[in-house]
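Report on one structure; see the data block that follows.
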Amino acid sequence: MWPDLNDLNLPSPIREVDFPLFKNKNVRLWVKRDDLIHPWLSGNKYRKLKYNLKSAIENKCKTIVTFGGAFSNHLHATAGACALLGLQSVGILRGEIDENNPTLKFCTDRCMKLIPVSRSAYRLKEISEEVIEILKKFPDAYLVPEGGTNQLALAGVSEIMDEMTIQMGGHPDYIVLACGTGGTTAGLLSSQNLTSNILAFSALKSTHLESEINQLSDFKHSEKLTVNTDFHFGGYAKWNNELINFIYDFEKQTDIPLDHVYNGKAMFGLFKLVLSDYFEPGSTICYIHTGGLQGKDGLKYMIGK
C-alpha cells in the first residue's frame, strides 16, 4: 500500500527510560516512539490512516476528504500521506485560513485543498448545508472522519499491541497514552492480545470520554480502561508554565520531544501518579508516544504572534 516502505520506521522503536523518581518507586518505564514512524505521519495518525487509505485505494478513490482545525495533526498527516500515495486531498477547515500557520502551510505545500467553513457548519460536519455543498463537488471522494477515528482506524491502532509484545517479550502491567477523541485508546482495547491495563490521560475537559471510548471499542476489555481527566491544564491546547517547564526538563533528560497538547500533559500526569504511589511497586509501564510534534511549531507560531 505504501510506496516507500523503507521510509516507514516500523515497528516503531521502544526504549526503557530511567528516572530517579521511577527507580525510587520501583516502577519501570518504556516509551514506544510512534512519533518516529515517519516525519509526515507522526504517531497514531499513521495507525489510524493506514487502513482507511488502503480502503480508498482498493475502491479506486483518488481524492480523500477530511476535517480539521487550524493546527490539526490529522490534516497534517492526511496531507502528507496523500502526497506520498499520489492521492488528492481536501481539508474542510474550521475557521479561516492563515497562510502563515505552519500546519496549514505544510498541508498546502503538499497540495491539500483547504476549504474553510463556519464554526457552526463545522460542528454539524456532513449534515450541515455548507458542508453538503462542498461534498457535492467531490462525488467520488473517500470521506475520512475528523481525527481519522472509525473502525478501520481501530484495526491499525491494534497493531501496536503485536509490536509491543515482541519488543518487550511480553505485556506491561500498564499501557499509558494521551487521549483526544479516544480512537487510539479504543484501538488498543479492541486488540485480541490485550492483557495490560490501559490508562488514558484526556487532553481536554470531558465528562463523557470514557463512555465514548467504550462505545468505539464495543465495550471490549472495558474493565481494563481508566480515563484520567485531571491533567488537561484548562482544556484543549491550553497550557501553563509548569507544563512547559516539565516538557523542557523531560526533553533535556531523555531527548524525547513532547508536545503541549497531548503527550506533554499525559507524561506530566504519569509522573504525578507515580509520585502519589498510584502504581504498585514492581509495575511495568509502556508509554505510547502518539506523535503530534508538529504542534510544537504551532505553539512557537502562536507565541510569536
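The values are calculated or read from the model by the stated rules, or taken from the named source; none is laboratory data. Since this is a predicted model, take the numbers as computed values, not measurements. Here Cβ is always computed from backbone atoms with ideal geometry, including for glycine, and neighbour counts include all displayed protein chains. Protein only, heavy atoms only, side chains kept; ligands, DNA and RNA dropped before computing areas. Shrake-Rupley method; radii C 1.70, N 1.55, O 1.52, S 1.80 Å.
A 1.4 Å probe run over the protein chains yields, for the chain, 46 Å² of accessible area per residue, whole-number rounding. Near residue 14, the amide H atoms lying under 5 Å from its own belong to 33; only residues 5 or more places off or on other chains count, and H is placed 1.01 Å from N.
When only alpha carbons of the range 197-305 are considered, Rg and Dmax amount to 14.9, 47 Å. Its DSSP H runs of at least 4 residues, each contributing -39,500 (n - 2.57), put the calculated 222 nm mean residue ellipticity of the chain at -12500 deg cm²/dmol, to the nearest 500. Using a probe radius of 1.4 angstrom, the carbon and sulfur fraction of the accessible surface of the range 152-198 is 49%.
Treating r as the C-beta distance of residue 242 and residue 96 and R0 as 45 Å, the FRET efficiency rounds to 0.90.
Any chance you could give the angle, 0 to 90 degrees and rounded to 10, that helix 241-254 forms with the longest Cα principal axis of the chain? Tilt of helix 241-254: around 70 degrees. Using equal-weight Cα scatterers in the Debye expression, the normalised intensity of the range 19-96 in log10 at q = 0.14, 0.20, 0.23 Å⁻¹ is -0.54, -0.85, -1.05. Of the residues 276, 12, 158, the one that moves most in a GNM of the chain with alpha-carbon contacts below 10 Å is 276. Between amide H atoms placed 1.01 Å from N, distances below 5 Å from residue 37 occur with 43, all of them 5 or more places distant or on a separate chain. Near the amide H of residue 115, within less than 5 Å, lie the amide hydrogens of 91, 92, 93, all on another chain or at least 5 residues away, with H placed in the peptide plane. Hand me the trypsin sites (Lys or Arg not before Pro) from the range 1-96 located in a DSSP loop with no more than 11 other Cβ atoms within 10 Å, in residue order please. Those that pass, being in a loop and sparsely packed, are 60.
Shape class for the range 76-201, computed from the alpha carbon gyration tensor (a ≥ b ≥ c): prolate, with a/c not under 1.5 and a/b above b/c. The alpha-carbon atoms of the chain define a convex hull whose volume equals 132 cubic angstrom per residue. With the whole protein complex present, residue 213 retains an accessible surface near 0 Å², based on a 1.4 Å probe. Per-residue extension of 0.36 nm, minus the Cα-Cα distance of residue 18 and residue 276, leaves a gain of 91.1 nm for this segment.
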